[in-house]
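Working notes for the structure below.
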Amino acid sequence: MSIIPVLGINPTQTFSHVLASPGPDSFRVGQLGAVIGETTKLYKFVQNYSLATTAEAGDVCYYTADGYKLNTVTTDISFSQKVGAGVFQTSVTALDFCWIQIRGPATLSTALTAGADGDPLTAEGAGDKTLDVAASFTDNICAIAGDISDKEIICMFPY
């Protein structure tokens, strides 16, 4: 898969859910689910379904039921399919649209609960807004622990 960088994208920008879509003035490839790249990071355009919890920059999010197909994510692990989606780039209101980081180095807002640098990470067994060390070969691996003491990971979330 080749990713074409798109100029003018601001990963920290959000778009109101009041609009049917971000609109033609936002950017040409702004359709829900668009994957946009830069030098070492990739971002995906999604809708935030974090209704019971807040969504802040650095929070891990997970796909909701049918979320991968619909590009809807949440920070509430109990409301998810326990499949990591990405890392929020900014604070975002429920039902609004935003960018999440899906590839490359990222710093989380919440510390990992266990593990060591280099461990494979999954949403399975994690608390809200974070990841846990994979315990089974059937766990969906979505990141690698970078420097745990600094809350750094290497994102490998699904496109």
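Could you run the Karplus curve 6.51 cos²θ - 1.76 cosθ + 1.60 with θ = phi - 60° over the range 90-102 and give me ³J(HN,Hα) per residue in whole Hz, x for Gly and Pro?
Using θ = phi - 60°, the values come out as 7, 6, 9, 6, 3, 6, 7, 9, 6, 9, 10, 7, 10 Hz.
Carbon-plus-sulfur fraction of the accessible area of the chain, 1.4 Å probe, in percent?
Reported share for carbon and sulfur atoms: 55 percent.
Whole-Hz Karplus ³J(HN,Hα) for the range 103-120, in order, using 6.51 cos²θ - 1.76 cosθ + 1.60 and θ = phi - 60°, x for Gly and Pro?
Running phi through 6.51 cos²θ - 1.76 cosθ + 1.60 with θ = phi - 60° gives 9, x, x, 9, 10, 8, 7, 10, 5, 5, 7, 7, x, 9, 3, x, 5, x Hz.
Compute the semi-axes of the equivalent ellipsoid of the chain, taking the square root of 5 times each eigenvalue of the Cα gyration tensor, and list them largest first in whole Å.
Square roots of five times the eigenvalues give 25, 17, 13 Å.
Could you pull the accessible area for GLU124 with a 1.4 Å probe, rounded to 10 Å²?
Roughly 90 Å² of GLU124 is accessible to a 1.4 Å probe.
Among PHE157, LEU32, LEU108, which residue has its Cα positioned farthest towards the positive end of the charge dipole of the chain, with +1 placed on the Cβ of Lys and Arg, -1 on the Cβ of Asp and Glu, and the dipole taken about the Cα centre?
LEU32
Note the count of lysine pairs whose C-alpha atoms are less than 19 angstrom apart in the chain, limited to pairs 8 or more residues apart or on different chains.
7
Could you provide, to the nearest whole Å², the per residue accessible area of the range 44-154 with probe 1.4 Å?
In whole numbers, the range 44-154 has 40 Å² accessible per residue.
The values are calculated or read from the model by the stated rules, or taken from the named source; none is laboratory data. All figures in this text were calculated on a predicted structure; none of them were measured in a lab. Please note: Cβ atoms are built from the backbone with ideal geometry, for glycine as well, and neighbour counts cover all protein chains shown. Heavy atoms of the whole protein, side chains included, go into the accessibility calculation; ligands, DNA and RNA do not. Shrake-Rupley method; radii C 1.70, N 1.55, O 1.52, S 1.80 Å.
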